[in-house]
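Working notes, structure below.
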Amino acid sequence: MPDSDFLPPAPQPPAEAASVAAGARNRRRWTSVALAVEPPGDGPPPPVRYEWDADTEIPAASVADRRGGGAAAASLELEGRDGSWVTLEVRAGRLCGLEVAVWPPVRLRTALAPPGASERGHVSMPALGALGALGGTTDVEVDTLLHVESDRRQRTYHFRVGRPRPTRAVQVGRDILVDVDEAGELAGLWLLNVPPQPVPH
């Protein structure tokens, strides 16, 4: 058996709907995402909740936010050059979830082991938080390369953002790791213990 192969593309949302959503509010465009790692606080890593949309095969993951309060969510959209699209949810500058709106091709690996987390913490995006504090738009698009690989059981997914480079893994939730490169920028995301996709009725 080969070490890897590709899954067929998943159903995608209608292009018109994606276009309307993308143009609903003014957005800024970046080419990279600078991160800051904050201390994790007391207790175990916060739990992660997964949800699958049965019709579109769109998964979403959210990290429990123990700060409380009602901070409005901002979106940071990672847009691959192949049309793929992953949206990160950010509250008060901190990464709190993600949604895979349009899948890149998924490479299936015979085995895919996540790295050991070098640290625990909360990942924040200071530049995005600063935009919100100044009253500007907090919706940002990032033009990048997106690659994703999965184990054959499709319980572990690794999204690589940009070119391959040395990284360290930060555990932001029980089942989510963030790859941070040597420049302190977003380099990837790991989703662990992802539940199976629902079977259509």
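The values are calculated or read from the model by the stated rules, or taken from the named source; none is laboratory data. Worth saying up front: this structure is predicted, and the values here are computed from it rather than measured. Every residue, glycine as well, gets a Cβ built from its backbone with ideal geometry; the counts of neighbours run over all protein chains shown.
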Just for segment 46-105: of the residues that are farther than 18 Å from residue 139 by Cβ and touching a Cys at 6+ places or on another chain (Cβ under 6 Å), which one is modelled with the highest pLDDT? 63
What number of residues within segment 159-194 are under 18 Å from residue 60 (Cα atoms) and of a type in the set (Lys, Arg)? 2
